[in-house]
Number of protein chains: 2
Amino acid sequence: MAAAQMDPDAVAKAFVEHYYSTFDNNRVGLGGLYQEASMLTFEGQKIQGVQSIVAKLTSLPFQQCKHNISTVDCQPSGPASGMLVFVSGNLQLAGEEHALKFSQMFHLMPTPQGSFYVFNDIFRLNYA
Amino acid sequence: MAAAQMDPDAVAKAFVEHYYSTFDNNRVGLGGLYQEASMLTFEGQKIQGVQSIVAKLTSLPFQQCKHNISTVDCQPSGPASGMLVFVSGNLQLAGEEHALKFSQMFHLMPTPQGSFYVFNDIFRLNYA
């Protein structure tokens, strides 16, 4: 994702749209957004590295889903030019009547190519 | 808060207990946890610096409240020895029947004295 010349809120929003669109339509494609040092904490379970993260996300007990985003907040994370992105929304699973609320945070770090990868990822359902 | 020799999950839990206990009992005391570069995004409103953050937190439209914590997740944020803390819980306001769900993330950065301050803080209510 090209970051140059974009304001942080626009970068955050573009990342979020790209992330959840990939999650909902081609989950294995999320691997391109993580690196070996990347960390995911999913409902309290700690996972590290591209392969393990993709294995977790593709083995969740639902196949079809749709994320609907309610809010996106972002802040710069410090001198390393990272960016914190905080998302709330709901997750509609195929065949389920009620959507699940969730919140998730990403710490995006810049790549030498001028885009971002996900260094930190923490996901929680807020059983509504 | 002394960080030396503690494991990250214990530091995160201790920080969270200290933060919300201070919020609920002596809100102005939260100023000691922020510095001039600290950022708070509160329900989408961006605020920076100790004085502005304390002014925001002490002018919220409720005086008595109690935070109940459901989950605390943490991850190291990178080479600067920071720590990301992600919290979900509910907020009981005095005189209100129903508690409000919230989620909040903190980016803690180390101080030269071996404790932490809040560099990033993002708070959202998840209207349940």
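How many of the residues making up segment B:39-78 are at the interface with chain A (Cβ under 9 Å from one of its Cβ atoms), touching a residue at least 24 places away in the same chain (Cβ under 8 Å), surrounded by fewer than 17 Cβ atoms within 10 Å (Cβ to Cβ) and over 17 Å from B:SER103 (Cβ atoms)?
Here the count works out to 1.
So which of A:ALA94, A:ALA14 is surrounded by fewer than 17 Cβ atoms within 10 Å (Cβ to Cβ), more than 29 Å from B:GLN45 (Cα to Cα) and among the small types (Gly, Ala, Ser)? Spell out the reasoning first.
Details: A:ALA14 fails: more than 29 Å from B:GLN45 (Cα to Cα).
One residue alone meets the criteria, A:ALA94.
What is the one condition in (1) at the interface with another protein chain (Cβ under 10 Å from one of its Cβ atoms); (2) aromatic (Phe, Trp, Tyr); (3) within 24 Å of A:ASP9 (Cβ to Cβ); (4) touching a helix residue (DSSP H, G or I) at 6+ places or on another chain (Cβ under 9 Å) that A:TYR34 does not satisfy?
A:TYR34 satisfies every listed condition except (1).
State the number of residues belonging to segment B:90-127 that are free of Cβ contacts under 8 Å to residues at least 60 places away in the same chain, more than 9 Å from chain A (Cβ to nearest Cβ), among the small types (Gly, Ala, Ser) and at negative phi.
Of the residues in segment B:90-127, 2 are free of Cβ contacts under 8 Å to residues at least 60 places away in the same chain, more than 9 Å from chain A (Cβ to nearest Cβ), among the small types (Gly, Ala, Ser) and at negative phi.
Exactly one of (1) farther than 30 Å from A:ASN90 by Cα; (2) part of a helix (DSSP H, G or I) is unmet by B:TYR20. Its number?
All conditions pass for B:TYR20, except number (1).
Could you check A:SER81 against (1) within 14 Å of chain B (Cβ to nearest Cβ); (2) within 26 Å of B:ASP121 (Cβ to Cβ); (3) in a strand (DSSP E or B) and say which number it fails?
The number of the failed condition is (3).
Can you find even one residue in segment A:38-51 that is in a strand (DSSP E or B), farther than 26 Å from B:ASN126 by Cβ and not basic (Lys, Arg)? Break it down stepwise before answering.
In the first step, residues of segment A:38-51 are kept if they are in a strand (DSSP E or B); the result is A:38-42, A:45-48.
Now restrict to residues that are farther than 26 Å from B:ASN126 by Cβ: A:48.
Now drop any that are not not basic (Lys, Arg), which leaves A:48.
Yes, some residue in segment A:38-51 is in a strand (DSSP E or B), farther than 26 Å from B:ASN126 by Cβ and not basic (Lys, Arg).
Within the bounds of segment B:84-104, is there any residue that is under 23 Å from A:HIS107 (Cβ atoms) and assigned to a loop (DSSP other than H, G, I, E, B)?
no
Any read-out appearing in this document is the output of simple, stated calculations on the displayed coordinates, not a laboratory observation. This is a predicted model, so every value here is computed, not measured. Backbone-built Cβ (ideal geometry, glycine too); neighbour counts: all protein chains shown.
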